[in-house]
Amino acid sequence: MFYSRLVRPVLFRVGAGDAEAAHEFTLHALARTGAALAPLRRWFGVPTPRTVFGVRFPNLVGLAAGMDKNGIALPGWAALGFGHVEVGTVTWHPQPGNPRPRLYRLPASKALINRMGFNNHGSQALADRLRARGPVPVPLGISIGKSKITPVADAVADYRSSLRVLYPYGDYFAVNVSSPNTPGLRGLQDRALLDDLLAGLSAEAAQLGGPAKPILVKIAPDLTDHAIGELLGVCADQGVAGLIATNTTLARDGIAPGDAVTGRQAGGLSGRPLAARARAVVEFVHRETAGALPVIGVGGIGCVDDALRMLDAGASLVQLYTGFIYAGPGLVRSIGRAVR
Ligand SMILES: Cc1cc2nc3c(=O)[nH]c(=O)nc-3n(C[C@H](O)[C@H](O)[C@H](O)COP(=O)(O)O)c2cc1C
């Protein structure tokens, strides 16, 4: 109530012309105040501990990739109750992303369309920041993607460079092959290319030594069941620890009439219109693997019921992005209370 009546209207006004401005304002405010907010964690972060792919999570609700690409507000996210944070996606080469505006609100649909294009400071800058800041209050996922200037043929080396510098700092790594905003990236979900990529990353991890860390693959909701089936075969062969399902969609189903014009923007759609498809993908993966492969369910979780249905579909953990923008941190707490 406090968020939707007072905070959200102010933020949405800050970003009236450019939704990204509101996002940056919030992120930087959280980065500045995060440590001071730490006592809030007891309110927002309802303990529901669970160990998944060998990592102990204080609760089941995580922050999805893309919100804090450069990892600048980690104590802040923990204070808002999140049980893990997935930073990134970062790329080996720092890059500005696509021209602005590149983020749009579809308020009647409780959705967003973005074509950010992996704007980020680069993997080395993230590694330097994580080294300087020391331990993070909650498990940290690090999402890595392909630099725009790197041709698909050289993608493996590009991802490997990112994994090499970031390996000491993540509790798990997410291989992002599903953003719709980097040309050629989703092609890496195809059997042969994904096999090469995952083999390359395992080889890199083995060279780095120490205990092996979980590597997860984040997939698109736009894959056919057949393509997901093939991908699961590759993941099993390559010892992938889990899947993150799903990224944003290129489909435009479920957009409210009031958002019809904005709905024509290019990019990935997230939020409520994605919920049913994301859940169906989680259900499919859970069934195909007989529950053997942990899944982080993400896509369109905007209320407690959405989260519970995602868990029922077989997700071991859930993540929020768009639902958090619309509902605020009270949603993290409500889900935690319902799960407990
Ligand atoms: C503005 C924006 C930026 C995003 N950036 C990334 C990203 O860098 N890497 C990634 O794996 N997913 C990214 N995502 C996708 C989200 O992590 C999530 O998979 C998707 O939005 C579906 O969840 P939601 O409906 O709760 O938003 C982004 C989403 C949005 C809205």
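The values are calculated or read from the model by the stated rules, or taken from the named source; none is laboratory data. All values reported here derive from a predicted model rather than from experimental measurement. Please note: Cβ atoms are built from the backbone with ideal geometry, for glycine as well, and neighbour counts cover all protein chains shown. Accessible surface is based on the protein model in full, side chains and every heavy atom, while ligands, DNA and RNA are left aside. Shrake-Rupley method; radii C 1.70, N 1.55, O 1.52, S 1.80 Å.
Points worth noting:
- Amide H contacts for Gly88 (H built 1.01 Å from N in the peptide plane; partners 5 or more residues away or on another chain; cut-off under 5 Å): Gly66, Asp68, Lys69, Asn70, Gly71, Ser143.
- Residue-normalised accessible area of the chain, given per residue in Å² at a 1.4 Å probe: 41 Å²
- With one equal scatterer per alpha carbon and no solvent term, the Debye-computed log10 I(q)/I(0) for the chain at 0.11 1/Å reads -0.65.
- A Förster radius of 51 Å combined with the Cβ-Cβ distance from Leu208 to Asp253 puts the calculated FRET efficiency at roughly 0.75.
- Whole-Å distance, taken between Cα centres, linking the range 203-258 and the range 88-148: 17 Å
- Dipole axis of the chain (+1 Lys, Arg; -1 Asp, Glu on Cβ), positive-most option in His226, Ala241, Ala108: Ala108
- Peptide packing for 50-57, 231-238 was compared via the average number of neighbouring C-beta atoms within 10 Å per residue; ordered from the highest value, the list is 231-238, 50-57.
- The range 236-340: equivalent-ellipsoid semi-axes (sqrt of 5 x gyration tensor eigenvalues, Cα, Å): 24, 19, 11
- Solvent-accessible area, 1.4 Å probe, carbon plus sulfur percent, for the chain: 57 percent
- Put a plus charge on the Cβ of each Lys and Arg, a minus charge on the Cβ of each Asp and Glu, and nothing anywhere else: the dipole of the chain about its Cα centre is then about 1220 debye.
- Straight-line reach from Lys146: taking Cα to Cα under 18 Å and skipping same-chain neighbours fewer than 8 places apart, the lysines in range are Lys69, Lys218.
- Sequence ranges 121-133, 138-150, ranked by mean other-Cβ count within 10 angstrom, highest first: 138-150, 121-133
- Taken over the range 269-310, the percentage of Cα pairs per 5 Å bin, counting from 0 up to the bin with the maximum distance, is 6, 26, 30, 21, 13, 5.
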